[in-house]
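This report refers to the structure that appears directly beneath it.
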Amino acid sequence: MATLKELSKKDELLAGGHRLCAGCGASIVVRQILLAAGKNTIATCSTGCLEVATSIYPFTSWRIPFFHSAFENSAATSCGIEAMYQSLKRRGKLPVNEKINFIAFGGDGGTYDIGLQSLSGGLERGHDFLYVCYDNGAYMNTGIQRSSSTPLGAATTTTPAGKVIPGKQQYRKDLTDVVEAHHIPYLAQASPHNWKDLNRKVEKALSIKGPKFLNVIAPCHRGWRTGINEAIKLAKVAVDTCFWPLYEVENGKLTINYKPKDKKPITEWIKMQGRFKHLFKPENEHIIQRLQEGIDCKWENLLKREEFEKTC
Amino acid sequence: MGKIVAMTGNIAVANAMRQINPDVCAAYPITPSTEVMQQFSNFVADGKVDTELVTVESEHSAMSACIGSSAAGGRVMTATSANGLALMWEMLYIASGNRLPIAMMVINRALSAPINIHGDHSDEMGARDAGWIQMYSENGQEAYDNLIQAILIGESEGVLLPVMVGMDGFIISHSIENLSMLDDQQVKDFLGEYKPLHPLLNVNKPLTMGPLDLQDYYSEHKRQQTEAMELVKPAILKVAKDFAALSGRTYGFFETHRLDDAEMGIIALGSAAGTARHVVDGLREKGIKVGMLKLRVFRPFPSEELQQALGHLKSLAVMDRSESFGAAGGPVFSEVRSALYDLPTRPKTINYIYGLGGRDLGIANIEQVVADLQEINQTGKIKNLITHLTVRE
Ligand SMILES: Cc1ncc(C[n+]2csc(CCOP(=O)(O)OP(=O)(O)O)c2C)c(N)n1
């Protein structure tokens, strides 16, 4: 695995000058991933902030082959490219020893929601590709609408903090669990604040043949209503509160990559974000409690499972 | 060279695909096209082709995977029908907008609702503005021939557009007919190697495809697509000429039958053309001056050529196997009538919507159409501009 010094000397494969917001978490995630993946990589991306801001004709930030096709099909598109690669290699039209990485990027809307079927199909069929969800917890590109990744209680433009309904009423979907049900060789959750862990996970994923999945938290100051320079801090607190546990599952075996010494209450994370402001009103505090319960439940299950698997 | 075989339309199409041996195929089942990809899967499983078969989880992903594969750089095919084609709708435009010469067999079937599995053209006609080259086939032979030619038409220099080839569901797809199949080697030589211009798989020359294209460039790119479509007509004729040299079978934008000295004409596409031809021959024996035109290519629409072929008629009936709700007639009618508008004198043109959801079009139905045309010629008046034929009123 590369040291920070080595990484800093590598070619930057997502050029600056793109039009993502200053302080956008997604661009940091993608840069880190591409540093780990290297230039023999072909990326696809679902419609969303990342795609619209990095490839505005006649400009592109992508120094690797890049294809945006539609919103719900980053996985199927990447699988199609990979299928052609396999075919041409078999037919002797491509060098057999040239390894190409196929990475499909998607926002949480493009992954948890509209692209879930395409992702599921690609995973089940066993294509040799890595799917990366950069999860900012809402449809940001269209103006912060709720997705099934939006946390309980969060205000979005389609789940506003109203007088009667105070923000999103449902828990978020646990996509990483959904993906795990596909029994793929490798999947992980990661965060850009822990670049070492993210870098290692990308390298590891790309060293494995078959379908791989990474869910990476990508703070968005526009949607989360936070300071413009807080993406990394927000990602860190999300991990420290166990809202976003860092773990990986390799061939069915779970490893928790980081266990906070003292797990912070979720209030530490949500108080940094305007989208949860209304939860601190007395009449809404039960929602914070529910949010905490959901987080505790998942975290304890992870700990128990890891313990249990040690005995198997 | 070639041999006569008896097979269904679907099996003929699957055999064309076997001989084409594309680099990647996507497969998803829907009646009546299921059998095509099923038979092709046998070819894959038995090693008769070395295509990478992607058995997707929906038609949306079928076309998405085809788009990814084609952009990666290689020959790509799939087949579908009706709801499957409708589910691809978004992706059809993305295939043509990215100038990807994918070839797709559409086994034409009625669109839901009500759900119906039988043949009509509502699926393919619904995709007529999607930027795809569109062809229709009268029988298994034509479906086989069209699909092989489609590969080269789409890949032609300057064209680079996807092609869909239609064949009437069940009526053709599931009927056994004799057809002449080329040798495998002949097809291989005819098609040659596809050399994609800008393959995404070339990591040494990174390319961004599918960027956001705003007010400052979008119009130019759409204009380029229009220009590519304009190059399709010569490409179709060139490929048809080479194909004729190989097979002895000639193709153009359409085929005429006893039309030159006719006073009345019928336009049909797909399997109805066979019935129309039969009726024309019968009526000619009675001295009735009727002819027919079978449209093979619907996109690009051969307006000028149709003006020349039809301008001398007194009256013309256009047969549409799909409805265009709220429009000025069925899709073929609207286009044909528009094409004839610029002629100084033009036939009185009427429209028949027929055969929806696979309903039979009988000899008597077409004889009725000709009787209507005769009445127009006698009275100089059109009684009904649009008639729903083969329907209980
Ligand atoms: C089929 C389809 N439906 C809706 C849209 C509109 N749309 C474009 S981007 C987007 C939101 C993307 O959200 P997400 O995937 O979470 O990525 P983000 O913008 O947050 O990075 C939507 C709804 C579309 N392009 N295509």
What do you reckon, is B:VAL76 within 10 Å of another protein chain (Cβ to nearest Cβ), within 28 Å of B:SER322 (Cβ to Cβ) and aliphatic (A, V, I, L, M)? yes
Selection within the stretch A:57-89 - more than 16 Å from the ligand (Cβ to nearest atom) and either within 13 Å of B:GLY68 (Cβ to Cβ) or modelled with pLDDT under 95 (or both): A:PRO65, A:CYS79, A:GLY80, A:ILE81, A:GLU82, A:ALA83, A:MET84, A:TYR85, A:GLN86, A:SER87
Which of the following residues is on the phi < 0 side of the Ramachandran plot, assigned to a helix (DSSP H, G or I) and either more than 11 Å from chain B (Cβ to nearest Cβ) or touching a residue at least 24 places away in the same chain (Cβ under 8 Å) (or both): A:GLY110, A:GLY106, A:GLY80, A:GLY16? A:GLY110
For the stretch B:174-189, the count of residues that are of a type in the set (Val, Ile, Thr) and assigned to a helix (DSSP H, G or I) equals 1
Near pairs, Cβ below 8 angstrom, 6+ apart or cross-chain, from the stretch B:206-235 (among the β-branched types (Val, Ile, Thr)) to any residue that is assigned to a helix (DSSP H, G or I): B:VAL232/B:ILE153
Kindly check whether there is at least one residue in the stretch B:45-58 that is in a helix (DSSP H, G or I), farther than 22 Å from A:LYS89 by Cβ and more than 10 Å from chain A (Cβ to nearest Cβ). no
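Suppose the filter is surrounded by 24 or more Cβ atoms within 10 Å (Cβ to Cβ), aromatic (Phe, Trp, Tyr) and within 12 Å of the ligand (Cβ to nearest atom); does A:TYR112 pass it?
It is true that A:TYR112 is surrounded by 24 or more Cβ atoms within 10 Å (Cβ to Cβ), aromatic (Phe, Trp, Tyr) and within 12 Å of the ligand (Cβ to nearest atom).
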Of the numbered conditions (1) basic (Lys, Arg); (2) away from every other protein chain (no Cβ under 14 Å); (3) surrounded by fewer than 24 Cβ atoms within 10 Å (Cβ to Cβ), A:ARG146 fails exactly one; give the number of that condition. (3)
Take residues that are touching a helix residue (DSSP H, G or I) at 6+ places or on another chain (Cβ under 8 Å) and tell me which of the strands (runs of 3 or more DSSP E) falling wholly in the stretch B:297-393 contain 3 or more. B:297-299, B:315-320, B:348-353
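Checking the condition within 14 Å of chain B (Cβ to nearest Cβ), buried (at least 19 other Cβ atoms within 10 Å of the Cβ) and not charged (D, E, K, R), which residue from A:TYR85, A:TYR134 passes?
Sole residue among the options that is within 14 Å of chain B (Cβ to nearest Cβ), buried (at least 19 other Cβ atoms within 10 Å of the Cβ) and not charged (D, E, K, R): A:TYR85.
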Selection from the stretch A:26-56 of residues that are assigned to a helix (DSSP H, G or I) and either near the ligand (Cβ under 10 Å from one of its atoms) or of a type in the set (Asp, Glu) (or both): A:ALA26, A:CYS49, A:LEU50, A:GLU51, A:VAL52, A:ALA53
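The values are calculated or read from the model by the stated rules, or taken from the named source; none is laboratory data. Note that the coordinates shown come from a computational prediction; the quantities given were computed from them, not determined experimentally. Heads up, the Cβs are rebuilt from the backbone with ideal geometry, glycines too, and the neighbour counts pull from every protein chain shown.
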